[in-house]
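> There's a structure below that I have some questions on.
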Amino acid sequence: EAETVVEFARLLTFECGDHLAMAEHTPELLNRFGAAIAQSAHALATRLSPRDISVASGRSLTWDLANALQARRHLGAVVRIKDRRLAELYLDRFERCQAERAKLPMQVVHGDLNDYNVLVNRKLMGGEGRGVGMYGTRGADSKGTRGAGSEAGGGFSFRKWLGNRFRPDAGSVSVTAAGLTILDFGDIVYSARVYDLAIALAYVCQNKSDGQTALSTACAVVRGYSAYANAHTSAQPSRALGRKELRLLHACVCVRLAQSVLISAHAIGEDPSNSEYIAINSASGWALMRQWSDLSPSDAESAYVTAAAEGAGQSPPFLPAHILAVLRWAQPDEPPIRRNLLFTGALVGAAAVLVLAVGVAAVRTIARHI
């Protein structure tokens, strides 16, 4: 008798489109990308069976953002001392917020929303009837070649007031994800909900001309996420980003960058024959890390909070956000010049109040003797 042979086959749905990495990163496309992330997050939170959730919960993946601190062991593989210190800085910031991260909303997440795992079909972007497509086909690996993504154009104006620097011109924010397809659910895992957004930002913000343009790109995505989430406020669980998620978002974005470049540096040591390819792939990640090296956590948080509020159609929390930003200047993560300004300002203010009080007392004393 012939031996029975069991063969496995995978049936894939073909999707037309270009990788997000190759598409022009217009404000509309970035808004839709944010909406797609929000829609996929809700689908993963509500449409999986208990068994699926149990399987995802039992996985432990190197690329899970929750395990990003494991990349610290690869710091020795980074040759440039300044780069090593920068990666260590991002790892330290992520580690310091461990207690806060433990309180973040948890769910099953995609785990690898890099810009080669998202297809853009311009023909479908004009239609509103279809949301984001999600297929478990094997998309490009997050270690794949980075595209020369275009800068996010227009739609932003510089805002000179503490950290709240990015605000869109008047106009509607897209709340549809039509025309976008998410690929590759091979890294699906149970983790913090905001990690998918952070991973997406870590890749889509690369290859920009400067740190300001990169942050503008991130805000456009956050704006689209918030617009979609708040357009479906009746959904349970809530899709809207919480304040804690917005506060920790930038630390999560930066640690994904550090995680990626450190694992790549280790891979070069393990396989020197492939070093040129791996180094080119991680170059844009290092570039973004350097561009954001002077961006303070309070500035980034303030920008994300404003973008989320605008996406939800709300007025930006102008005064509270900036008071919060000033108070956080005293944190260790902030540049020393800011802490010095804060403490100097506090001392000058206290001295002014004291002088005023003495002056008022003197005037009253003189008035009583006249």
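The values are calculated or read from the model by the stated rules, or taken from the named source; none is laboratory data. Predicted model, so just to flag it, every value in this text is computed and none were measured. We place every Cβ from the backbone using ideal geometry, glycine too, and count neighbours over all the protein chains shown. Heads up: the accessible areas ignore ligands, DNA and RNA and are worked out on the full protein's heavy atoms, side chains in. Shrake-Rupley method; radii C 1.70, N 1.55, O 1.52, S 1.80 Å.
> Describe numerically, in nm with one decimal, the distance between label points set 7 Å from Cα along Cα→Cβ at GLU24 and at ALA283.
Rounded to a tenth, the inter-label distance reads 2.5 nm.
> For ASP112, ASP187, write out the residues from largest to smallest accessible area, computed with a 1.4 angstrom probe and no ligands counted.
So the residues, ranked largest to smallest area, are ASP187, ASP112.
> Roughly speaking, what is the stretch gain from ILE53 to ALA352, that is 0.36 nm per residue apart minus the C-alpha to C-alpha distance, in nm to one decimal?
Details: separation 299, 0.36 × 299 = 107.64 nm, distance 5.97 nm.
That pair, ILE53 and ALA352, stretches by 101.7 nm at full extension.
> Which FRET efficiency, nearest 0.05, do ALA43 and VAL79 yield, Cβ-Cβ r, R0 56 Å?
That gives a FRET efficiency of 0.85.
> Let me ask you something else. Which distance in Å, rounded to a whole number, links the C-alpha centroids of region 245-302 and region 177-191?
21 Å
> If you consider only alpha-carbon coordinates, what radius of gyration and Dmax does region 1-73 have, in Å?
19.2, 64
> Between their Cα atoms, which of LYS123/LYS244; LYS103/LYS208; LYS123/LYS208 are more than 31 Å away from each other?
Numbers: LYS123/LYS244 37 Å; LYS103/LYS208 33 Å; LYS123/LYS208 26 Å.
Beyond 31 Å between Cα atoms: LYS123/LYS244; LYS103/LYS208.
> Please give me, ordered by residue number, the GluC sites (Glu not before Pro) of region 59-133 that lie in loop per DSSP and have at most 16 other Cβ atoms within 10 Å.
Taking region 59-133 and a limit of 16 other Cβ atoms within 10 Å, the loop GluC sites (Glu not before Pro) found are GLU128.
> Can you send over the solvent-accessible area of LEU257, 1.4 Å probe, protein chains only, in Å² to the nearest 10?
Roughly 0 Å² of LEU257 is accessible to a 1.4 Å probe.
> Any idea which of ALA220, ASN274, ALA202 is furthest toward the positive side of the dipole for region 169-287, if Lys and Arg beta-carbons carry +1 and Asp and Glu beta-carbons -1?
ALA220
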